Amino acid sequence: MTSPLLDIRGISKSFGAIKASEDVSLTLECGEIHALIGPNGAGKSTLIKQIAGNLEPDSGRIRFDGHDVTALDTVARARAGLGRTFQISSLAMEMSVLQNAVLGALGRRGRVMRFFRDVMRDAALLEVAREALDEVGLGAVAGMRVADLSHGQRRQLEVAVALTQSPKAFLMDEPMAGLGGEGTARLTVFLDRLRHRAPILLVEHDMDAVFALADRISVLVYGRIIATGTPEAIRRDPQVREAYLGDEALS
Ligand code: ADP
Ligand code: MG
């Protein structure tokens with residue numbers, strides 16, 4: 001058996017008396033969408049931050065692509081191939097769609113200070129940026145200001161920026177939030193394809209999207225994973241029903 005791409009073992013994190021992560025273990029395999037669900041305050045974002053390197057766990061370790069990354073910072077983890085889309089947008093609103101994608105591609109090259117006008121003439125960077133935009137379906141709006149995009153298009157652009165870094169896995173914290181029905185449907189189709197490019201650890205509140213997309217689901221309650229399994233198994237799990245999912249969400 002091959003080892004999982006992402007392997008989280010025994011992660012714990014407390015904020016004062018609050019145990020935001022308590023002995024959390026989970027894996028992400030190539031080709032899969034592993035959804036992480038749970039009530040507000042369960043510790044989902046805290047876990048994503050520890051995997052991305054924004055927060056240091058009190059204990060436990062994180063292996064990614066065969067290496068222990070527990071001690072690495074966010075930049076080193078991104079370079080190792082952990083792509084992350086943020087709950088709070090990190091896009092430059094006054095710049096164009098293409099400029100944002102080029103900045104993403106530049107990030108992959110490391111800390112090279114250059115004039116922006118030179119960066120925007122760099123054929124290799126432009127190609128990486130345009131490819132990523134095409135892949136998320138934003139090729140036609142490359143010249144638009146980010147501020148003029150719809151909410152859903154901004155989410156797609158965030159994924160495109162992540163794609164310019166050639167991630168080996170994606171961490172996504174509530175990508176559907178605020179999208180509305182049509183935007184959610186479109187992003188669902190997109191993530192369904194994206195999993196074959198790189199697997200996704202997906203935190204999401206939209207249960208229709210979660211049950212449509214996930215190969216596996218883990219349920220986090222008060223910092224602890226109470227169940228991991230296929231959507232069918234999670235739907236039937238009496239402990240999950242009691243702790244989190246109402247019957248109506250599962251029918
Ligand atoms: P979720 O994303 O599942 O809604 P969070 O990970 O944001 O949950 O929060 C988990 C718990 O940790 C909550 O009780 C929250 O108030 C607390 N928490 C999160 N971040 C901090 C922080 N930086 N300082 C103190 N408490 C925090
Ligand atoms: Mg959260």
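Asn54 meets all of the listed conditions (1) closer than 23 Å to Asp208 by Cα; (2) within 11 Å of ligand 1 (Cβ to nearest atom) but one, namely (1). For Glu158, state whether it is open to solvent by 60 Å² or more (accessible area, probe 1.4 Å) and within 18 Å of Gly83 (Cα to Cα). Against the criterion (open to solvent by 60 Å² or more (accessible area, probe 1.4 Å) and within 18 Å of Gly83 (Cα to Cα)), Glu158 does not qualify.
Restricting attention to the stretch 182-191, the residues being of a type in the set (Asp, Glu) and surrounded by 14 or more Cβ atoms within 10 Å (Cβ to Cβ) number 0. Screening Gln165 on (1) modelled with pLDDT of 90 or more; (2) in contact with a Lys or Arg (Cβ under 8 Å, 6 or more places away or on another chain); (3) within 15 Å of Asn100 (Cα to Cα) shows it passes everything except condition (1).
Closer than 26 Å to Ala233 by Cα, in contact with a Leu (Cβ under 9 Å, 6 or more places away or on another chain) and assigned by TED's automatic domain parsing to the domain that holds Asp206, is that true of Gly38? Yes. Of Asp208, Asp215, all but one fail to be closer than 21 Å to Ile62 by Cβ, among the acidic types (Asp, Glu) and assigned by TED's automatic domain parsing to the domain that holds Val75; the exception is Asp215. Summed over the stretch 1-18, the residues that are open to solvent by 90 Å² or more (accessible area, probe 1.4 Å) and within 16 Å of ligand 2 (Cβ to nearest atom) give a count of 2.
When the residues of the stretch 22-48 are filtered to those that are in contact with a helix residue (DSSP H, G or I) (Cβ under 9 Å, 6 or more places away or on another chain) and farther than 23 Å from Thr2 by Cα, which remaining residue is farthest from ligand 1 (Cβ to nearest atom)? The residue in question is Ile37. With respect to being over 22 Å from Arg9 (Cβ atoms) and polar (S, T, N, Q), Thr228 falls outside the description.
The values are calculated or read from the model by the stated rules, or taken from the named source; none is laboratory data. Keep in mind it's a predicted model, so treat the numbers as computed, not measured. Positions of Cβ are generated from backbone atoms using ideal geometry, with glycine treated the same way; all protein chains shown enter the neighbour counts. All accessible areas refer to the heavy atoms of the entire protein, side chains included, with ligands and DNA or RNA removed. Shrake-Rupley method; radii C 1.70, N 1.55, O 1.52, S 1.80 Å.
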